[in-house]
Amino acid sequence: MPSLDPTRLNESAEDCALREELRQLLGAPAADLFEVEVTPEMIALADDLRREATRRRRMAPRQRSGWMLLAAALPLTLVFAGLASWGVQQKHRADAMAEAVVQREQALQLANAQVRQQTLLLASTTTDRTPKAQRPGASGPKPAELVIPVDGPVLPPQADTTTVKSH
């Protein structure tokens, strides 16, 4: 329904529907309301219509914009981004430590190989220089042993024990 009232330019669909219902109740022509004479009853009905439209607008559920949802999700996004960044840093640290461990193991293996070569070389040079009489297996003095041989029993016999079988 056309109107020159500036408040009606941005009128919602509900307000238009209520206005159309009022027009039908009053029996006003559809073309223009200016042809109908304004009466106090019509003004009261129009005020009631405005109040009803305002009440419906307040009672309708609010439509939240996407920006509001993004603003609400921002703290969670920051927390997840911080956790992800921390996790990536920890992964890099763990990778660097694993690489350092591998390098140390390789250095130890190389050092062990060099020690083995030196001991083998030293052992081969010392065995070649020793006279044949001093070599093990040849007649001569026995090399020192780590275990001292003991003749007889290691422990003395106990006083309150009974021998079941003699040898």
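A few notes on this one:
- Of all the listed residues (A46, A113), the sole one being in contact with a helix residue (DSSP H, G or I) (Cβ under 8 Å, 6 or more places away or on another chain) and either surrounded by 10 or more Cβ atoms within 10 Å (Cβ to Cβ) or of a type in the set (S, T, Y) (or both) is A46.
- Scan of the range 51-83 for residues that are loosely packed, with under 10 Cβ neighbours inside 10 Å and among the small types (G, A, S), ordered by number: S65, G66
- Tabulated pairs, the range 60-89, first more than 30 Å from E14 (Cα to Cα), second aliphatic (A, V, I, L, M) and surrounded by 10 or more Cβ atoms within 10 Å (Cβ to Cβ), C-beta under 9 angstrom, 6+ apart or interchain: T77/L70
- If you filter the range 31-47 down to residues that are among the small types (G, A, S) and at pLDDT 65 or above, you find that the one that is nearest to the chain's Cα centre (by Cα) is A46.
- Filter result for M97 (under 30 Å from R23 (Cβ atoms) and either surrounded by 10 or more Cβ atoms within 10 Å (Cβ to Cβ) or more than 42 Å from the chain's Cα centre (by Cα) (or both)): no
- When restricted to residues that are at pLDDT 70 or above, surrounded by 10 or more Cβ atoms within 10 Å (Cβ to Cβ) and of a type outside the set (S, T, Y), the range 116-167 contains 7.
The values are calculated or read from the model by the stated rules, or taken from the named source; none is laboratory data. Please read all numbers here as calculations on a predicted model, not as lab measurements. All Cβ positions, glycine included, derive from the backbone under ideal geometry; neighbour counts span all protein chains shown.
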